[in-house]
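Only one structure is covered here, and it is reproduced in the block below.
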Amino acid sequence: MKIDPWSSSTYQDYSRLRDEFGIEDFTEDLWKELPQPHKLLRRGVIFGHRGFQLIHDSVVKNKPWAILTGLMPSGKMHLGHKMVIDEVIYYQSIGADINIAVADIEAFATRGYSLEETEYYALNEYIPNYVALGLKPEKCRIYFQSKHQDVKDLAYILGKKTNWSQMQATYGFNGTSNMTHIFAPLVQTGDILHVQLDKYGGNRPTLVPVGVDQDPHIRLSRDIAQAHRLYNVTITKDDKIGVFVKIDKEISKLLDNAEKILKQLNFNKLKRITDYKALYIQDAEEEDIPKIDEALALTETKLGGYGFIQPSATFHRFITGLTGEKMSSSKPDSAIFLTDSPKESTKKIMNAKTGGAVTLEEQKKHGGKPDECVVYELFLYHLIEDDKELQEIYNDCKNGKKMCGQCKKYAAQQMEKLLLDIQEKRKTAKEKIKKYLD
Ligand code: TRP
Ligand code: SF4
């Protein structure tokens, strides 16, 4: 199995995906201490992560951290795209600085849009919607990939430690793949890692909230971040904890620096073996490794390195389309667009595929199946804030107390409120967006 970020497949079995790709379970201990955890976190819509512990710790200890995510503006923005922005807005409210890439190079490379078309969709559709949904200009930067020199430079420079075999294995590229497409994941790595350059806030934990289709890019970025470090802190096969210098220049100077940092961290039983480019720490435990690694990372830029902290990521499930297939801009009946009129959205909801039984009688007797119902998904992902109310809908559906007709009507009403609110706010948004653009 391979995750293809450019295919239009849907994913059903999220726990299998998690196991197969080594994505970690997004357990309650990771979000429950965050201030007023967002519904997508509480409800298991975000089902997996890589390295979220770092973000958790930064929030709890009030240390700086960043958000970087990106969207390909191609066509109209729908409820599926809204999820990432909802997450971003929540993280902004708890103190992250926000960076959003307009993935115009990627849209050009993989979807056949021109840079001008993408710009049009970004300025007239996507970014006004971000603002209408509640994104604030404070601590927020939105930029276009094609116009960001530092991002493009990093893409080139960081490509040095990535080879063709790795790109083939990760993305299934072959001899017919075009070079712009092949290069797009490196641009995305440039997006993800550039926020750790000094100019953009320096080395700090960075969270990339995305759909699970983006995991190959996350793996690539994490590998590349690690590959460009000057130090590697690890436990050896014979159970020793050591700091290893990864380059062949100025080894003594780098070992001196490591020694100084370790002493500051109160490790004193150090043994240097210059031939192995190693500094063994005899009084460290395995649990100390992340702390040591972070402390060393923060010294690397002064020594000519990048000191990247491996980016963290969360993965959300995809909302099902109203017709039961994937929600997609190319199938207007499957999607509710943020620019739909209430009349349009109501019509789509009334025609939606529910988990109801074939006859009313049967549904009263055996109940409905909220877990297989796209209307219930609308409540879960977008329409209902209160967990208790959601639980009631779930129970009433299962117990046969709620029928699909009335349930859809309620969903349509709530959706109308949401869309009217966004529409209202979008009116002034276009003026405001100048403040956001880098
Ligand atoms: N590849 C993403 C998509 O298909 C868009 C994207 C570009 C992105 N750069 C990014 C996502 C950086 C997360 C982080 O929608
Ligand atoms: Fe879905 Fe509501 Fe019907 Fe239950 S009653 S199956 S939640 S539409």
**Neighbours by Cβ (under 7 Å, 6+ apart or cross-chain): first from region 376-398, over 24 Å from K364 (Cα atoms); second away from ligand 1 (no atom under 16 Å from the Cβ) and β-branched (V, I, T)** = Y381/V45
**Prompt:** On the given criteria, is T323 among the hydroxyl-bearing types (S, T, Y), more than 16 Å from ligand 1 (Cβ to nearest atom), in a helix (DSSP H, G or I) and over 25 Å from the mean Cα position of the chain (by Cα)?
**Reply:** no
**Item:** Unmet criterion (only one of (1) in contact with an Asp or Glu (Cβ under 6 Å, 6 or more places away or on another chain); (2) within 16 Å of ligand 2 (Cβ to nearest atom)) for R43
**Value:** (1)
**Prompt:** So which of I235, I273, I247 is of a type in the set (A, V, I, L, M, F, W, C), surrounded by 14 or more Cβ atoms within 10 Å (Cβ to Cβ) and free of Cβ contacts under 8 Å to residues at least 60 places away in the same chain?
**Reply:** I247
**Request:** Check every one of the helices (runs of 4 or more DSSP H) wholly within region 100-155 and list those with 3 or more residues that are away from ligand 1 (no atom under 14 Å from the Cβ) and at pLDDT 95 or above.
**Result:** 115-121, 127-133
**Request:** All but one of (1) closer than 28 Å to G70 by Cα; (2) more than 16 Å from ligand 1 (Cβ to nearest atom); (3) not polar (S, T, N, Q) hold for L360, so report the exception by its number.
**Result:** (1)
**Request:** Could you list, in sequence order, all residues of region 45-82 that are more than 13 Å from ligand 1 (Cβ to nearest atom) and among the β-branched types (V, I, T)?
**Result:** V45, I46, I55, V59, V60
**Asked** Name the residues in region 326-339 that are assigned to a loop (DSSP other than H, G, I, E, B) and of a type in the set (S, T, Y), would you?
**Response** S328, S329, S330, T339
**Complete:** Note on region 170-182: residues over 22 Å from S312 (Cα atoms) and either hydrophobic (A, V, I, L, M, F, W, C) or in a helix (DSSP H, G or I) (or both) are F173, M179, T180, H181, I182
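The values are calculated or read from the model by the stated rules, or taken from the named source; none is laboratory data. All values derive from a computational prediction rather than experimental measurement. Every residue, glycine as well, gets a Cβ built from its backbone with ideal geometry; the counts of neighbours run over all protein chains shown.
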